[in-house]
Amino acid sequence: MRDARADVRRPVGLRLWLSGGWLSLLTLAAIFAPLIAPQDPLAQDLFLGRLPPFWESGTEPGFYLGTDSLGRDVLSRILYGARLALIVALVAGTLTCLIGATLGLIAGYYRGWPDRIISRFVDIWMAFPPVLFSILLIAVLGPGLVSIIIAIVIIDWTRFARVIRAEAISQGAMDYVASAQVAGRTKFGTMLAEILPNVLPTIVALLTLEMGIAVIIEAILSFVNLSISTDSPTWGGMISEGRISVHQAWWVLVFPLITLFLTVLSFSQLGEGLKDRFDPVLR
Amino acid sequence: MTLLRAILLRLLTTAITLFGVAVIVFVVIRVVPGNPIAMMLPPGATEADILRLETQYGFDKTIPQQFMIWLGGVMQGDFGTSISTRQPVSGLVLSRLPATLELSIVALIIAVTLGGTMALLGTRFRDSKTEGAIDVTAGMALSIPDFLWGLVLILLFGVLWPVFHISGRISPSLDIDFTTNFYLFEALLRLRFDVIADLIGHMVMPALALAIPLAAIIAQLLKQSLKETMHLDYVTLARTKGYGEAKVITREALPNALLPTLTLVGVQFTFLIGGTVIIERLFSYEGLGNMAIDAVINRDLPLIQGIVILFALIFTLVNLAVDMLYVVLNPRLRHA
């Protein structure tokens with residue numbers, strides 16, 4: 001019988017390289033946006049409105065991916081938009097992970113009343129339509145980067161809490177946990193020293209997935225014009241403008257969409273790839 | 001007896017969940033900075049005007065008092081009056097609900113059909129290039145959320161090859177004098193094929209955007225449980241009887257493999273309904289979700305409350321229905 005593991009490993013490696021590569025490229029582009037952006041992302045020039053990308057006729061030099069209806073450079077706006085998207089991914093993803101995973105760990109390992117309270121909240125959260133909830137929160141908190149991050153944490157902590165709780169329950173039932181306690185560890189010490197390391201791979205994989213979700217939520221919020229101030233370039237804002245003028249200037253929609261698509265796909269493939277790599281059965 | 005107890009317990013937790021949702025929404029939207037009443041009056045309105053309207057909508061009372069009044073109204077089917085349109089919330093919400101329900105159900109049908117076909121094909125041609133292709137397709141489809149699929153579909157079938165409508169629910173030129181807002185169901189009943197074609201032309205794109213991620217999940221999970229079932233003895237027995245492979249899969253393996261998929265589809269269906277909020281916005285489809293976003297932008301507190309509660313009610317009802325269906329379909333639980 002041929003070794004099934006070889007089949008699983010090969011695409012995982014490729015997947016990790018491709019998605020990791022795209023995300024590294026994007027991070028570099030975001031960090032050095034002021035140096036590499038060919039134009040000022042906010043500069044408007046109505047005489048340069050709706051210029052097509054460089055390979056079509058009627059372009060101006062320096063506007064490689066065309067301009068929107070106000071004459072703003074699409075490429076430069078995508079590069080600056082990457083800054084906001086990645087900050088949201090990193091900060092909101094990490095905070096969501098910390099809060100959700102902590103609650104999940106406590107609920108799954110301690111059980112009893114902490115579990116009942118946390119699980120009840122998770123149930124209530126599951127009854128909210130997430131997109132509507134996030135829009136509602138932004139309306140309450142007011143637009144801005146901090147509001148977006150808070151909204152994402154509030155909506156999505158349950159994603160971590162549910163999965164980590166289930167993992168902590170199954171880990172808590174194992175012999176090594178019992179023996180750690182027999183050996184004299186405190187309950188809290190066991191949770192940190194025995195349970196946490198064993199659920200950490202799941203946490204890392206979920207965190208990567210969450211970063212992609214955070215990017216999407218930010219894009220959706222700026223799509224409905226509730227993200228940050230309207231003149232900062234965001235991918236969602238560009239997509240919203242592009243959706244309106246899609247019949248006149250497809251490039252205003254297509255380029256930010258491709259960027260968003262690849263970024264979300266990369267985060268999720270990276271997460272899936274990490275999950276497989278950490279999986280002891282496949283390792 | 002235990003079954004009855006389980007059902008009662010389930011109903012109780014459902015009620016608690018809905019109550020929790022109501023409390024959270026109520027409190028959250030009342031800490032909104034900015035006076036919603038001041039926003040609905042023309043500039044130059046006097047303090048007395050504002051005060052009069054505040055009293056009319058009950059905003060001069062404390063939050064717990066407002067909640068009790070609201071809850072009392074809800075018990076009698078009164079969800080308050082919308083601030084932006086000054087119409088009863090219940091009427092507004094119910095007029096939009098059919099559009100969203102039809103969209104969700106069509107999306108579910110597409111998802112089950114697509115996902116089921118992929119799972120069956122993947123099982124029939126397992127360990128071949130076909131299965132590999134299905135795995136990769138499903139993995140991709142799952143990684144990308146409905147919002148992005150919607151945009152991709154707009155570009156492909158709205159711009160590049162414009163075969164479907166990408167905005168609205170029905171062509172305004174179409175003459176319909178239907179009694180309900182369930183346009184699709186009523187058109188089917190009345191055999192109005194022109195209306196059906198127009199509705200489907202509008203619905204295919206948003207429904208497909210909602211369906212793609214769910215179809216991927218169904219494909220993966222159903223294929224997984226089909227493949228597990230294919231190793232069981234009774235399936236081998238069917239094969240030794242000389243049944244063809246296709247018949248073995250659909251007749252013997254499928255009924256047993258359906259059950260785990262069903263539970264998951266239930267949960268995922270609520271996610272799909274939640275997705276209608278942004279998809280309706282994207283496709284300017286006049287449903288509940290689109291109305292919800294407008295309500296948030298207009299700070300229409302009573303309307304927001306009504307819509308969120310309705311969504312929560314639908315979510316919990318779907319979960320309840322799936323649990324019941326699971327009991328009915330699972331022979332091991334049927335006689336418990």
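We did not get these values from a lab; they are worked out from the coordinates using the rules stated. Predicted, not measured: the structure shown is a model, and the values here were computed from it. Please note: Cβ atoms are built from the backbone with ideal geometry, for glycine as well, and neighbour counts cover all protein chains shown.
Determine the calculated [θ] at 222 nm for the protein assembly as shown from helices alone, applying -39500 (n - 2.57) to every DSSP H run no shorter than 4 residues and normalising by the residue count; nearest 500 deg cm²/dmol.
-24500 deg cm²/dmol
Label points 7 Å out from Cα along the Cβ direction at A:ARG120 and A:LEU28: separation in nm?
5.3 nm
Net charge near B:ILE293, counting Lys/Arg +1 and Asp/Glu -1 over other residues with Cβ under 13 Å of its Cβ?
Overall, the nearby charge balance is -1.
Based only on the alpha carbon positions, what is the Kirkwood hydrodynamic radius of segment B:195-296, in angstrom?
It is 16.2 Å.
If you place +1 on the Cβ of every Lys and Arg, -1 on the Cβ of every Asp and Glu, and leave all else neutral, what size is the dipole of the protein assembly as shown about its Cα centre, to the nearest 20 Debye?
Computed charge dipole of the protein assembly as shown: roughly 2000 debye.
How much net charge surrounds A:ILE217 when only other residues with a Cβ under 15 Å from its Cβ are counted (Lys, Arg +1; Asp, Glu -1)?
Charge balance in the 15 Å sphere: -2.
Which one, B:ALA138, B:PRO98, B:VAL152, projects farthest toward the positive side of the charge dipole computed for segment B:97-299 from Cβ point charges (K/R +1, D/E -1)?
Going by the charge dipole, the pick is B:ALA138.
Within straight cross-link reach of A:LYS275, meaning Cα distance under 29 Å, which lysines are found once same-chain residues fewer than 8 apart are removed?
The reachable lysines, counting only those whose Cα sits under 29 Å from A:LYS275, are A:LYS187, B:LYS129, B:LYS223, B:LYS227.
Please report, in debye to the nearest 20, how large the charge dipole of segment A:78-225 is about its Cα centre when each Lys and Arg carries +1 at its beta carbon and each Asp and Glu carries -1 there.
220 debye
For chain A, find the longest principal axis of its Cα atoms and tell me its angle to the long axis of helix A:235-244, 0 to 90°, nearest 10.
Tilt relative to chain A: about 50 degrees.
In chain A, if the dipole is taken from +1 on Lys/Arg beta carbons and -1 on Asp/Glu beta carbons about the Cα centre, which of A:LEU70, A:THR190, A:VAL131 is farthest to the positive end?
The residue sitting most towards the positive pole is A:THR190.
Using θ = phi - 60° and the Karplus form 6.51 cos²θ - 1.76 cosθ + 1.60, what ³J(HN,Hα) does each residue of segment B:287-296 get, whole Hz, x for Gly and Pro?
Values, residue by residue: x, 5, x, 4, 5, 4, 5, 4, 4, 5 Hz.
Using 1/(1 + (r/R0)^6) with R0 = 56 angstrom and r between the beta carbons of B:LEU320 and A:GLU60, what's the FRET efficiency to the nearest 0.05?
Rounded to the nearest 0.05, the efficiency is 0.40.
Using the Karplus equation 6.51 cos²θ - 1.76 cosθ + 1.60 (θ = phi - 60°), what ³J(HN,Hα) coupling, rounded to whole Hz, does each residue of segment A:30-37 give in order, writing x for Gly and Pro?
5, 5, 9, 3, x, 7, 9, 5
Say the dipole of segment B:263-336 comes from +1 at the beta carbon of Lys and Arg and -1 at that of Asp and Glu; which of B:ILE314, B:THR276, B:LEU288 then lies farthest toward its positive end?
B:ILE314
If the viscosity is 1.306 mPa s and the temperature 10 °C, what Stokes-Einstein diffusion coefficient in µm²/s follows for segment A:84-138 when Rh is the Kirkwood radius over Cα pairs?
Stokes-Einstein gives a translational diffusion coefficient of 124 µm²/s.
For the protein assembly as shown, what does the alpha-carbon gyration tensor say about shape, rounded, prolate or oblate, given a ≥ b ≥ c as the root eigenvalues, a/c under 1.5 as rounded, and a/b over b/c as prolate?
Rounded shape, in that the Cα axes give a/c under 1.5.
Only residues of segment B:250-269 count here: report those whose backbone N is under 19 Å from the spot 7 Å along Cα→Cβ of B:LEU232, or say none.
Label zone hits: B:250-265.
How big is the gap, in Å, between the Cα center of segment A:90-163 and the Cα center of segment B:126-161?
Each part reduced to its Cα centre gives a spacing of 29 Å.
Could you work out how far apart the two model spin labels at B:VAL136 and A:ARG111 are, taking each label as a point 7 Å from the Cα in the direction of the beta carbon, and quote it in nm?
Simple spin-label model gives 4.6 nm for this pair.
Under 5 Å between amide H atoms, partner at least 5 residues away or on a different chain: which partners does B:THR81 have, H built in plane at 1.01 Å?
Result for B:THR81 returns B:VAL89.
Please list, in order, the residues from segment A:95-139 whose amide nitrogen is less than 19 Å from a point placed 7 Å along the Cα→Cβ vector of B:LEU12.
A:112-124
Compute the distribution of all C-alpha to C-alpha distances in segment A:121-226, in bins of 10 Å from 0, and list the percent of pairs in each, rounded to whole numbers.
Percent of pairs per bin, in order: 13, 35, 25, 17, 8, 1.
Tell me, what is the FRET efficiency for B:LYS61 and B:THR250 to the nearest 0.05, using R0 = 41 angstrom and their Cβ-Cβ distance as r?
0.10
For segment A:1-160, report the % of Cα-Cα distances exceeding 19 Å.
71 percent
For segment B:62-220, take the alpha-carbon Rg, divide it by the Kirkwood Rh, and send me Rg/Rh.
1.11
Would you please report the Å³ per residue occupied by the convex hull of the alpha carbon atoms in chain B?
Normalising the Cα hull of chain B by residue number yields 189 Å³.
Using θ = phi - 60° and the Karplus form 6.51 cos²θ - 1.76 cosθ + 1.60, what ³J(HN,Hα) does each residue of segment B:140-146 get, whole Hz, x for Gly and Pro?
So the Karplus estimates, Gly and Pro as x, are 5, 4, 6, 6, 9, x, 4 Hz.
Nearest 0.05, what FRET efficiency do B:GLU186 and B:SER95 give at R0 = 22 Å with Cβ-Cβ as r?
The computed FRET efficiency comes out at 0.95.
Excluding B:ILE273 itself, calculate the net charge of residues whose Cβ lies under 15 Å from the Cβ of B:ILE273, where each Lys or Arg counts +1 and each Asp or Glu counts -1.
-1
Kindly give the semi-axes, whole Å and largest first, of the ellipsoid equivalent to chain A, taking each as the square root of 5 times a Cα gyration tensor eigenvalue.
Result for chain A: semi-axes of 43, 23, 14 Å.
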